[in-house]
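Read the structure below first, then the notes.
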Amino acid sequence: MTIVKPFKGIRPPKNLVEQVTSRPYDVLNSDEARAEAAGNEKSLYHIIKPEIDFPVGTDEHDPRVYPKAAENFAKFQEKGWLVQDQKENYYIYAQTMEGRTQYGLVLCAYVDDYMTGKIKKHELTRRDKEEDRMKHVRVNNANIEPVFFAYPHNDELDAIIARITAGTPEYDFTSAEGFGHHFWVISDDNDIRRITEIFEKQIPSMYIADGHHRSAAAALVGDEKRRQNPNHRGDDEYNYFLAVCFPDNQLKIMDYNRVVKDLNGLSEAEFLQALSKNFDVVEKGAGIYKPDKLHNFSLYLGGKWYSLTAKPGTYNDNDPIGVLDVTISSNLILDEILGIKDLRSDKRIDFVGGLRGLGELKRRVDSGEMKMALALYPVSMQQLIDIADSGNIMPPKTTWFEPKLRSGLVIHKLV
């Protein structure tokens with residue numbers, strides 16, 4: 001079973017929450033962060049994207065950038081823009097998008113649970129990205145941004161959350177993207193004790209939904225600190241890291257689509273002919289066509305939309321990886337026909353999160369930037385859990401969760 005604990009959160013005063021909080025560090029570039037933080041010295045971007053405090057063009061990995069993050073974190077606390085709670089609490093963070101609300105518990109997860117696989121992952125991580133986030137955690141001695149977990153839904157936890165969220169939230173606002181953000185403090189000792197017990201006795205695993213690099217970095221820094229501490233006790237704060245955990249039955253994975261710059265030397269007719277080997281190809285005309293079931297794909301090419309349905313025998317429904325539409329499309333279209341072998345490094349391909357809609361695929365092809373677009377039916381939470389439970393890893397760029405967690409609602413110090 002899993003170990004979680006409450007913590008003394010560091011968070012903005014209610015009247016500053018909209019000025020302080022931000023989108024996550026990895027969903028925008030330095031120029032976008034600089035623009036969003038313009039005129040706002042209280043923006044969390046000064047801590048999570050501190051290159052914006054240097055001249056335009058300064059690399060986000062410049063050695064001067066990390067100490068600036070720590071300097072700004074200290075400044076935010078000195079000025080009262082971030083204030084630490086006096087007691088250890090759990091928190092609830094709810095997000096609303098398109099009329100649907102999901103409720104997450106904000107807690108500290110246990111480093112050992114990550115190291116032993118009770119916190120399960122479905123993606124590979126890159127060491128350079130891990131090290132970048134490790135530097136950020138080390139220099140701030142804090143988890144500034146949470147990771148996004150799922151847990152097997154639990155009726156008693158649902159009831160506790162429903163009771164508390166019936167009350168007035170501590171924070172309640174809508175961000176510029178149109179998402180609602182709602183936040184409650186769980187300070188009652190009986191509730192805190194029971195939440196801890198439920199995870200310890202009833203929740204066997206948690207699943208990383210989004211934030212694999214942040215999870216790895218947080219756990220590795222915690223492990224590093226205990227190895228370096230001759231007086232390590234086991235209950236030290238660095239043994240835990242910040243997470244927002246949602247019940248698996250409340251989460252929805254959006255489609256994660258592909259755009260490609262060329263047809264690998266083929267004409268449009270030759271490409272469509274090559275597709276017909278493994279797919280039933282049906283022209284759908286100029287109106288946007290969205291995949292309507294597993295193993296059905298949408299192709300936009302030459303101003304027209306096509307339905308592609310994988311033929312029986314081209315995939316294995318008993319293989320948790322082979323059955324994924326991202327695997328089918330990668331093997332039978334991107335690799336076999338277009339010669340794209342490595343989705344992580346090939347410059348001929350780009351990826352578009354489902355929130356942008358299929359209209360964004362059409363726009364990028366019509367503009368001449370890309371030659372074709374491929375839309376996929378989204379992966380289900382059950383598929384993600386099955387793959388994580390089996391110890392397998394999903395192909396790159398498989399899942400897109402929305403809305404993203406708002407950063408700066410609460411921070412966890414490692415001391």
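The values are calculated or read from the model by the stated rules, or taken from the named source; none is laboratory data. The model shown is predicted, which means the values in this text are computed figures rather than measured ones. Because the Cβ atoms are built from the backbone with ideal geometry, glycine has one as well, and the counts that use them run over all protein chains shown.
Being over 30 Å from residue 310 (Cβ atoms) and more than 29 Å from the chain's Cα centre (by Cα) is the requirement here; does residue 264 meet it? When the stated conditions are applied, residue 264 does not pass them. Going by the conditions given, is residue 351 aromatic (Phe, Trp, Tyr) and surrounded by fewer than 17 Cβ atoms within 10 Å (Cβ to Cβ)? Against the criterion (aromatic (Phe, Trp, Tyr) and surrounded by fewer than 17 Cβ atoms within 10 Å (Cβ to Cβ)), residue 351 qualifies. Just to be sure before I move on: is residue 191 closer than 19 Å to residue 411 by Cα, surrounded by fewer than 18 Cβ atoms within 10 Å (Cβ to Cβ) and charged (D, E, K, R) in the structure I sent? Here the answer is no, as residue 191 does not meet what is asked.
Going by what's in this entry, would residue 369 be described as touching a residue at least 24 places away in the same chain (Cβ under 8 Å) and closer than 30 Å to residue 81 by Cβ? Considered against the rule, which asks whether it is touching a residue at least 24 places away in the same chain (Cβ under 8 Å) and closer than 30 Å to residue 81 by Cβ, residue 369 comes out as no. Pairs meeting the criteria (first residue in region 184-207 and under 19 Å from residue 168 (Cα atoms) and assigned by TED's automatic domain parsing to the domain that holds residue 107, second residue among the acidic types (Asp, Glu) and outside any strand (DSSP E or B), beta carbons under 8 Å, at least 6 apart or on different chains) are 184/170; 185/85; 185/170; 192/88. The residues of region 281-314 that are surrounded by fewer than 18 Cβ atoms within 10 Å (Cβ to Cβ) and either free of Cβ contacts under 8 Å to residues at least 12 places away in the same chain or not in a strand (DSSP E or B) (or both), listed by number, are 286, 287, 288, 290, 292, 293, 302, 303, 311, 312, 313, 314. In region 348-366, what count of residues is obtained for those that are out of contact with any Phe, Trp or Tyr (no Cβ under 7 Å at 6 or more places or on another chain) and in contact (Cβ under 8 Å) with a residue 24 or more places away in the chain? Here the count works out to 9. Identify the residue in region 358-385 that is surrounded by fewer than 16 Cβ atoms within 10 Å (Cβ to Cβ) and hydroxyl-bearing (Ser, Thr, Tyr) and, among all such residues, is nearest to the chain's Cα centre (by Cα). Residue satisfying both the conditions and the ranking: 380. From the residues in region 211-258 that are at pLDDT 95 or above and of a type in the set (A, V, I, L, M), which one is surrounded by the fewest Cβ atoms within 10 Å (Cβ to Cβ)? Here the residue is 242.
Evaluate the following for residue 51: is it over 25 Å from residue 394 (Cβ atoms), surrounded by fewer than 19 Cβ atoms within 10 Å (Cβ to Cβ) and assigned by TED's automatic domain parsing to the domain that holds residue 176?
On the way: over 25 Å from residue 394 (Cβ atoms): yes; surrounded by fewer than 19 Cβ atoms within 10 Å (Cβ to Cβ): no; assigned by TED's automatic domain parsing to the domain that holds residue 176: yes.
Judged against the criteria, residue 51 is not a match.
If you scan region 315-325, which residues turn out to be assigned to a loop (DSSP other than H, G, I, E, B) and either aliphatic (A, V, I, L, M) or closer than 13 Å to residue 294 by Cα (or both)? I'd like the intermediate steps shown before the answer.
As a first pass, look at region 315-325 and keep what is assigned to a loop (DSSP other than H, G, I, E, B): 315-324.
Matches in region 315-325: 315, 316, 317, 321, 322, 323, 324.
Remark: pairs (first residue in region 398-415, closer than 13 Å to residue 146 by Cβ; second residue among the basic types (Lys, Arg) and crowded, with 20+ Cβ neighbours inside 10 Å; Cβ separation under 8 Å; 6+ apart in sequence or on different chains) = 404/23; 406/23; 407/23; 408/11; 409/11; 410/11; 411/11. The residue that is surrounded by the fewest Cβ atoms within 10 Å (Cβ to Cβ), counting only those in region 200-210 that are assigned to a loop (DSSP other than H, G, I, E, B) and more than 21 Å from the chain's Cα centre (by Cα), is 204. Every listed requirement among (1) within 29 Å of residue 184 (Cα to Cα); (2) of a type outside the set (Val, Ile, Thr); (3) modelled with pLDDT under 95; (4) in contact with a helix residue (DSSP H, G or I) (Cβ under 9 Å, 6 or more places away or on another chain) is met by residue 294 save one, (1). Here residue 280 clears all of (1) acidic (Asp, Glu); (2) farther than 30 Å from residue 207 by Cα; (3) under 32 Å from the mean Cα position of the chain (by Cα) except the condition numbered (3). Restricting region 105-156 to residues that are β-branched (Val, Ile, Thr) and touching a residue at least 24 places away in the same chain (Cβ under 8 Å) leaves a set whose member that is farthest from residue 90 (Cα to Cα) is 125.
The single residue among 145, 197 that is surrounded by fewer than 16 Cβ atoms within 10 Å (Cβ to Cβ), of a type outside the set (A, V, I, L, M) and either in a helix (DSSP H, G or I) or on the phi < 0 side of the Ramachandran plot (or both) turns out to be 197.
Report, by residue number, each residue of region 114-150 that is acidic (Asp, Glu), farther than 21 Å from residue 11 by Cβ and in contact with a helix residue (DSSP H, G or I) (Cβ under 9 Å, 6 or more places away or on another chain).
Start the filter on region 114-150 by keeping residues that are acidic (Asp, Glu), which leaves 123, 128, 130-132, 145.
Now restrict to residues that are farther than 21 Å from residue 11 by Cβ: 123, 128, 130-132.
123, 130, 131, 132, listed by residue number.
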